[in-house]
Every structure is written in C-alpha cells, then in structure tokens.
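So the structure is just underneath, and the comments pick up after that.
The values are calculated or read from the model by the stated rules, or taken from the named source; none is laboratory data. What you are looking at is a predicted structure, and each value in this text was computed from that prediction instead of being measured. All Cβ positions, glycine included, derive from the backbone under ideal geometry; neighbour counts span all protein chains shown. All accessible areas refer to the heavy atoms of the entire protein, side chains included, with ligands and DNA or RNA removed. Shrake-Rupley method; radii C 1.70, N 1.55, O 1.52, S 1.80 Å.
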Amino acid sequence: QVQLVESGGGLVQAGGSLRLSCAASGRAFSTSLMGWFRQAPGKEREFVAAITWRGSSTYYAASVKGRFTISTDNAKNTVLLQMNSLKPEDTAVYYCASGRYWVRRENPDEYDVWGQGTQVTVSS
C-alpha cells in the first residue's frame, strides 16, 4: 500500500515561489502515475499537474502551465512541485495522489491514494 506525505506549503507573497514535496513509501511499480491537485474553500478539487515516475511524461493545467514544474526524484521516491510566480488564486490545500492510467490523469477518480494535503496561501 502506497502512503503519501506532502510538505513544503506555507504563506508567500504574490510573485513568490514555493516548492512542495510528496514522499511516497511502499510504492509498487504498478503505481506509475503521480498527480498534484488543489482545493480552495468552497470549490471542487482541481487538477494541477501529473507525471510518470520515470519522468518521461508531464502534463499541466492551463492555469499553472509555465509557472509550475512537476518532477520526480526516484532515488528518494519523491515527487516535487516547484511553484513560481504565485498568485492569490493559487491559494488552496495541495494534495499529491497516486494512480495508474495516464489517459485519465486529470480525473481525481483515477487516483486511489491521497496524501493529507499541505496549505498554500498567497497574499496580495
């Protein structure tokens, strides 16, 4: 059973940067897809970015493309989300999740293991 633990959230001013980490333990090779989602108060969970563990494929939501970068550190079983040029609308709880099928990477129902989330707050 995969377990995921996020870290790296915090408070930052608009235009600043944060790097989120997601440490995966008990990873099975069948868990090939990793994603980041976010949820703001009163809103549905929103897809942010996805990557394969080998890092050969990445995909971003239009709202973060060009500002966020997802990557993996296979030696540490860690998925990273580098967030630059942050905006107040990026404020949310950020979750990492593991799934299987790349074709369904934007659908939260594809992911069967979720971390506890980390709060990101961007002040204007």
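Remark on segment 37-124: ratio of C-alpha radius of gyration to 2.2 N^0.38 Å is 1.06. Sparse packing (at most 11 other Cβ atoms within 10 Å of the Cβ) combined with a DSSP loop state is found for the following chymotrypsin sites (Phe, Trp or Tyr not before Pro) in segment 13-121: Phe29, Tyr101. Phi angles of segment 107-124 translate, via the Karplus equation with coefficients 6.51, -1.76, 1.60 and θ = phi - 60°, into HN-Hα couplings of 8, x, 5, 6, 9, 10, 10, 10, x, 7, x, 9, 7, 10, 10, 10, 8, 8 Hz per residue; Gly and Pro are given as x. A simple charge model with +1 on the Cβ of Lys and Arg, -1 on the Cβ of Asp and Glu and nothing else charged puts the dipole of the chain at about 260 debye relative to its Cα centre.
Does segment 47-89 come out rounded, prolate or oblate by the C-alpha gyration tensor, with a ≥ b ≥ c the root eigenvalues, rounded set by a/c under 1.5 and, if not, prolate when a/b is larger than b/c and oblate if not? Prolate, since a/c reaches 1.5 and a/b exceeds b/c. Ignoring lysines fewer than eight residues from Lys43 along the same chain, the ones with Cα atoms less than 20 angstrom from its Cα are Lys87.
Estimated at the nearest 10 Å², the accessible area of Leu11 is 130 Å² with a 1.4 Å probe.
Cα centroids of segment 36-69 and segment 70-124: 6 Å apart. Selection among Ser71, Leu18, Trp36 by position relative to the dipole of the chain gives Ser71 as farthest towards the positive end (Cβ unit charges, Cα centre).
For segment 6-105, report the accessible area per residue in Å² (1.4 Å probe, heavy atoms, rounded to an integer). Please report the intermediate quantities before stating the final value.
Working: 5040 Å² over 100 residues.
On a per-residue basis, segment 6-105 sits at 50 Å².
Shape of segment 84-124 from the C-alpha gyration tensor: prolate (a/c of 1.5 or more and a/b above b/c, with a ≥ b ≥ c the square roots of its eigenvalues).
Hand me the trypsin sites (Lys or Arg not before Pro) from segment 61-124 located in a DSSP loop with no more than 16 other Cβ atoms within 10 Å, in residue order please.
Qualifying residues, ordered by number: Arg67, Arg100.
Each residue of segment 15-21 was assigned a 3J(HN,Hα) from its phi angle through the Karplus expression (A = 6.51, B = -1.76, C = 1.60, θ = phi - 60°), giving x, x, 9, 9, 10, 9, 10 Hz with x at Gly and Pro.
Can you tell me the relative contact order of the chain? Whole percent, Cα pairs under 8 Å, sequence separation 6 or more. Once divided by the residue count of the chain, the mean separation gives 35 percent.
Please identify every one of the GluC sites (Glu not before Pro) in segment 1-85 that sits in a loop by DSSP and has no more than 11 other beta carbons within 10 Å of its own beta carbon.
Sites meeting the loop and neighbour criteria: Glu44.
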